[in-house]
Amino acid sequence: MISWRKHYKKGLIAIGLLLSTSASIYGQDGDPKNGEKLFKANCTACHALDKQVVGPALKGVVERLKSEQGLDTAWLHKWIKDNKALRASGDKYANEVFEKFNKTEMQVFPNLADKDIDDILAYTTNPPAPEPEKTAEAAPGTEATAAPANNTTSSIVIISLLAIAGLLVWILIKLRQLVKMGQSEDLAGLNESRVKSFSEIYEKYHYIGKGLLAVLAILATYGVWNWIMWIGVYKGYKPDQPIYFSHKIHAGENKIDCQLCHSSAKYGKVSEIPSMNVCMNCHRTISEYNGKYLEPGKDKAFYDGEIKKIYEHTGWDSEKQQYTGKTSPVEWTRIHNMPDFVYFNHSQHVVAGEQAIINSFNKKNPDNKIDVVCKACHGKIDTMNVVQMANDFTMGWCIECHRTTEIDMNNGYNKEYFKNLHEKLKKQYPQDGGKITVDAIGGLECGKCHY
Ligand code: HEC
Ligand code: HEC
Ligand code: HEC
Ligand code: HEC
Ligand code: HEC
Ligand code: HEC
């Protein structure tokens, strides 16, 4: 009897274990609701549930890989976290599927926790019924927050115009008074104390005239001063581009990582404009625009036409699905361009300075936090349909940030490099508690930024 009980218990545990493992094989212990959120945030740039986009359709992927390839969720975890590492390890299917998709690289997601991946897989296994769209309407409205910088300039212009209009009205009133005076004098012809000739009018009113001239001179000086101060400053510069490429649609709506396209930012000085091959990684399969977001005044046909331009430049025949060999370069207009005597290095800021810049920016702008380092200098590019310069990119702007940004002494690069300096500064400025801003490591030295 007892032994039966023992076995019964063991049996229960075994059944429990079996259930829980098989559940996890089928990804059902995750939360599909949360998975849906994560999927939309991270995967929809390249995957849909029911059709191939850049990568394969993912509905039922857990079951499909199990039945077709004998792979379990552990494999999926590895793949989703770091498909490159998995391929490099020589995994057979990982390399097969990479070949099958013409060696298109899937992004790596080292930051997704196991639980997150379970949730995403649960979503691909059991997608919840779609909820009625509430947010779709709101989307275009978010535009308004894109470029607050312009408002101040335009309000200055408006105030100046109002001031000038006021002055004009005032001059008109004064002129009318003068004319009236002259008329009444003609009629009366007697009043000697009245003004008789222009010279007398001048005698009487020249102060007003001089005052007016002085005001105009001040305005003109102010204008010239402003004009001088803005030489070489192109904040807000926003040229039209040969292809209407929207960062709002790519980096915003579809959450594509900046560095997927500007991949050289972390390796070196410039963070180039991506080549057409990068576009084709996705656009070989995305030949038309089906997004919900439409910029006011633009429609699907417009966006489809812009995508066609990629095919014209790369010589891709989308009917025959092959390249014709007739290519032509796209002539993007460069927006940011420092003078030749300035040395600016992206990787220094995007890699070594990343955390320091994000932390410092978020401390200074608690209501307008950023998640990606690029935005500290380039503004909220992911809300811009057309890129514009978000800062003035002057020397003063660089220096201001170097004075106020505390560098991250704990990142691997600085820890080694500045070990001794750090100790020295700690002794030198004990009142700062060893806080070190970029100026302390040479960020204000002329030679660091100038050839
Ligand atoms: C930048 C585009 C891109 C993003 C973003 C992306 N993937 Fe992929 N994914 C691909 C491509 C392309 C493949 C096909 C294999 C290859 O070329 O490496 C793929 C393959 C897969 C596979 C293998 C499917 C199969 O049928 O064998 C899974 C699973 C997968 N992705 C899951 C995800 C998940 C989950 C996310 C979001 C967390 C994600 N992917 C985000 C591009 C992407
Ligand atoms: C899908 C590819 C893609 C993604 C993702 C992307 N960009 Fe771009 N970016 C481009 C292209 C193409 C251009 C050139 C056309 C233009 O200016 O809009 C460009 C231009 C720029 C420029 C202006 C360059 C110049 O001429 O001075 C900046 C700055 C920039 N991107 C920053 C970002 C940031 C920040 C992100 C992430 C929030 C990002 N990009 C995401 C493709 C991309
Ligand atoms: C510390 C400020 C700063 C940060 C952070 C920063 N940039 Fe830049 N970016 C600049 C400056 C300055 C230029 C102009 C460089 C020049 O003309 O030599 C520039 C130029 C560019 C250009 C035009 C091409 C070029 O390199 O001249 C692109 C594209 C760009 N940045 C993208 C990015 C992306 C993507 C990120 C994030 C990964 C980023 N930037 C982070 C300051 C920054
Ligand atoms: C990681 C994938 C990816 C890459 C790389 C990519 N795109 Fe896109 N692109 C998309 C997605 C997703 C859409 C929206 C499709 C939809 O919603 O139906 C889109 C839409 C577009 C559109 C129509 C909307 C708009 O922005 O005007 C154009 C044009 C476009 N892409 C041009 C480009 C160009 C040029 C490049 C290369 C510099 C590029 N794309 C690179 C994924 C990508
Ligand atoms: C948003 C803040 C910010 C802006 C704006 C900025 N920088 Fe920096 N810069 C940093 C940080 C942080 C570091 C230190 C990175 C590190 O930890 O090594 C740095 C380091 C540097 C260095 C290396 C200094 C050294 O001694 O090693 C140079 C050179 C430099 N920046 C040039 C520039 C130029 C040129 C500009 C303007 C076009 C600029 N920076 C704008 C934050 C900024
Ligand atoms: C953090 C980087 C940085 C440092 C340090 C720096 N500069 Fe500059 N400097 C710049 C940038 C960026 C510009 C270009 C500004 C522009 O195009 O509006 C510039 C422009 C100039 C110009 C041209 C002025 C103009 O209006 O065209 C001179 C002269 C100059 N710097 C001298 C110096 C001297 C002298 C030092 C040392 C005391 C110094 N700079 C330190 C970044 C720096």
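Numerical summary
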{"read-out": "Residues whose placed amide H lies under 5 Å from that of MET384, excluding near-sequence neighbours", "value": "LYS248"}
{"read-out": "Given charges at Cβ of Lys, Arg, Asp, Glu: segment 72-122 dipole, positive-most of THR73, VAL108, ALA88", "value": "ALA88"}
{"read-out": "Long-range HN-HN contacts of TYR323 with modeled amide H, under 5 Å", "value": "ASP317"}
{"read-out": "Anisotropy class of segment 277-331 from Cα gyration tensor, a/c 1.5 cut", "value": "prolate"}
{"read-out": "Relative packing of peptides 399-406, 328-335 - highest average C-beta neighbours within 10 Å first", "value": "399-406, 328-335"}
{"read-out": "Per-peptide average of other Cβ atoms within 10 Å, ordering 89-102, 276-289, 344-357 highest first", "value": "344-357, 276-289, 89-102"}
{"read-out": "Neighbourhood charge, 13 Å Cβ-Cβ cut-off, centred on ARG87 and excluding it, Lys, Arg +1 and Asp, Glu -1", "value": "+1"}
{"read-out": "Listed residue (TYR303, HIS313, ASN277) projecting farthest to the positive dipole end of segment 277-331, Cβ model", "value": "ASN277"}
{"read-out": "Local electrostatic count, GLY30, Cβ distance below 13 Å [Lys/Arg +1, Asp/Glu -1]", "value": "-4"}
{"read-out": "Dipole moment magnitude, nearest 20 debye, segment 277-331 about Cα centre, only Lys, Arg, Asp, Glu C-beta charged", "value": "120"}
{"read-out": "Charge context of ALA41, other residues only, Cβ under 14 angstrom, K/R +1, D/E -1", "value": "-3"}
{"read-out": "Nonlocal amide H pairs with THR437, under 5 Å, H built at 1.01 Å", "value": "ILE407"}
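Read-outs: derived from the displayed coordinates by stated rules, not from any lab. Not measured: the values here are computed from a predicted model. Reconstructed Cβ throughout: ideal geometry from the backbone, glycine too, with neighbour counts over all protein chains shown.
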